[in-house]
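The values are calculated or read from the model by the stated rules, or taken from the named source; none is laboratory data. A quick note: this is a predicted structure, and the numbers were derived from the prediction, not measured. Cβ: placed from backbone, ideal geometry, glycine included. Neighbour counts: every protein chain shown. Note: areas computed on protein heavy atoms with side chains; ligands, DNA, RNA excluded. Shrake-Rupley method; radii C 1.70, N 1.55, O 1.52, S 1.80 Å.
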Amino acid sequence: MGQSPSKRVRSTLGAWPEFGTTCDATFSDLISPSSDHLRPYQLHHASSLLHSSLLLAIPLVARFAPSPPSQFQVDSTYRRVRESKPTEDGLKRDEFRLFALELFGAAIVEGMGAAVARRVPLGAAAIAGVGMVARAPVGLVGNVVGVYALGVVATTVYLGC
């Protein structure tokens, strides 16, 4: 079977050369001369800066994550990334790139889910309307709506529409 949508988004996002370059540039801009890592309190600001740069460089971010991540999203992503090394404070360059990949990957998947949620009800209503006019059996209309919803999900998530 294929990859899950979140893994596919993360691999696509990580494959963009602009993503790595922008992560490294943001990390270098915010790093203190006396330290080799970003502190947790710097991550929300770093994420906002990174978002503004990625918004122009990567179409997936512009389309599905048009606003910068919230403090809650940043904090929960930081906790997920830090589960492997809970004793250290802050993120080094490679960890920051992983953090950004997790943060923006989740934001893009969430944006794709919202796009699906906007598309499915309208199409389902149209199919139900045609079913009523044609006097089709209820079970048939329900199956057609289900197949339509799966098609919209596949199109939106896997093709990035």
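Solvent-accessible surface of the range 1-159, taken per residue with a 1.4 Å probe and all protein chains present: 58 Å².
How many percent of the alpha carbon pairs in the chain exceed a separation of 23 Å? Tail fraction, whole percent: 48.
Helix-only arithmetic for the chain: the sum of -39500 (n - 2.57) across DSSP H runs with n ≥ 4, divided by the residue total, places the mean residue ellipticity at 222 nm at -25500 deg cm²/dmol. Under the combined filter of DSSP loop state and at most 15 neighbouring Cβ atoms within 10 Å, the range 36-140 retains these GluC sites (Glu not before Pro): Glu83, Glu88. On the beta carbon distance between Val147 and Ser11, with R0 = 30 Å, the FRET formula returns roughly 0.60.
Here the 3J(HN,Hα) profile of the range 139-154, calculated from phi with Karplus coefficients 6.51, -1.76 and 1.60 at θ = phi - 60°, is x, 5, 4, x, 5, 5, 4, x, 5, 4, 4, 4, x, 5, 4, 4 Hz, Gly and Pro shown as x. All distinct Cα pairs of the range 6-77 go into the 1/r average, and the inverse of that average, the Kirkwood radius, is 13.0 Å. Among Ser32, Ser67, Ser48, the largest mean-square fluctuation in a Gaussian network model of the chain, built with springs joining Cα atoms closer than 10 Å, belongs to Ser32.
Treating r as the C-beta distance of Ala114 and Ser28 and R0 as 45 Å, the FRET efficiency rounds to 0.85. Label positions at Ser84 and His45, each projected 7 Å from the Cα along the C-beta direction, are separated by 2.8 nm. Of the residues His51, His44, ranked by 1.4 Å probe accessible area with the largest first, the sequence reads His44, His51.
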